[in-house]
Amino acid sequence: MSLKLVKLVFKFGSLLALTPAKIEQNGLVFPSKTYALLWIILFTAGVSISTVYRKVFYETMTLVELILQVATDTTLFIVNIFTIITTATKRREWQKFIKILQTLKMNKGNEKIFWFLPFLLTNIIYVLSKIYETYVWSQFVGVEFFIKMCTVEYFQFYAQFVVYYLIYVFLKLILNAVENLFNDIDLLEVQFTRLNSFTLKGIKSDFFSLAECINIFNNIFGWLILFLIQFCFIQQLSHLLSLTVPVVADNTVSVVIFRILYVTWHMAGTFTGVFLCDQIEQKVKNMQMVAHKIAANCVEEKEYEEIKMLEDLINHSFPHFTAAGFFDLNRKTILGVLNALLTFLIVAIQFDSI
């Protein structure tokens, strides 16, 4: 994987002012602040108009369903607006982040001819899912009313999809760089001599760059990931509640299939990034073990000191992926969200049945 895929995602995201317009050798070209402000106004106006059309829909909900729906709509709106604001205001961070990624060692030999195919396929899946959603719900409220109610939401969800995919691509690039760094350290274990001192300095330099890259990633995407997890949690709770305690209009096979597909889509989009964060951290822990093993096998004191410096660097300088500093992003995050989802679902069912 290379920055080619990032450039492609940027082209789609820049249309909605969600990403930098493009990558250039001299830096990044951003949508103007006026263009970003225009999209903020459009999203705000569109959501406001959509809320008016949804009033009839809201009135049919129970109190629990209404609270979950309002929370979901609000969080989705925050994700869209915050993404635009982040792109417009963190220009220096974006420039530095891309510059570091360009300098990191990547596996360019593994690039495929159809490198754009994953992004194309996920776009097709998104479009097909929205066509199916329109077909399912238009049977209950009518095509015209459903389009008025959800047209803006389709743009909002596509904006969210761009964020999902951009986080995925960046984390895959970072994982690629970490794997290459691990291979370099692993090579030192096989043959460590004075001739490898230049390689050791290169490893230290790459490690510093990688650590800085992750810090910038947390700066740019930390709050977005937090909002995405929050949205996923609330939305999944809402759909699972509807599946568990369905209303009359929802007692159809097509609606059940839609809800299952919807839950799967957002779970995959949210937790794929979290899983990649965990993979990166696990790879770094493997680096720590290899560096410790090399240090233990060193005979000369000078060699031991050099490897010990690398070991200390890995142990103390590598930052964790976090959701805006509130919690670390790893497999425990996924289990924690699922556990909380089950707990809240039980409470919501009991409250809704009163």
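The values are calculated or read from the model by the stated rules, or taken from the named source; none is laboratory data. Just so it is clear, the model here is predicted, and its values are computed rather than measured. Note: ideal-geometry Cβ built from the backbone for every residue, glycine included; neighbour counts use all protein chains shown.
The condition of being under 17 Å from Asp206 (Cβ atoms), among the aliphatic types (A, V, I, L, M) and at pLDDT below 80 holds for only one of Ile307, Ile349, that being Ile307. Within segment 49-71, the residues that satisfy the criterion of being in a helix (DSSP H, G or I) and closer than 14 Å to Cys150 by Cα are Ile49, Ser50, Thr51, Val52, Tyr53, Lys55, Val56, Phe57, Tyr58, Gln69. Taking the criterion of being over 12 Å from Phe318 (Cβ atoms), at pLDDT 85 or above and of a type in the set (D, E, K, R), the only residue of segment 275-296 that qualifies is Asp278. Taking the criterion of being at pLDDT 85 or above, surrounded by 15 or more Cβ atoms within 10 Å (Cβ to Cβ) and not charged (D, E, K, R), the residues of segment 86-108 that qualify are Thr86, Thr87, Ala88, Trp94, Gln95, Phe97, Ile98, Ile100, Leu101. The single condition among (1) at pLDDT 85 or above; (2) exposed (fewer than 14 other Cβ atoms within 10 Å of the Cβ) that Val299 does not meet is (1).
Of the set (1) at pLDDT below 85; (2) under 30 Å from Leu240 (Cβ atoms); (3) within 22 Å of the chain's Cα centre (by Cα), all apply to Phe30 but (2).
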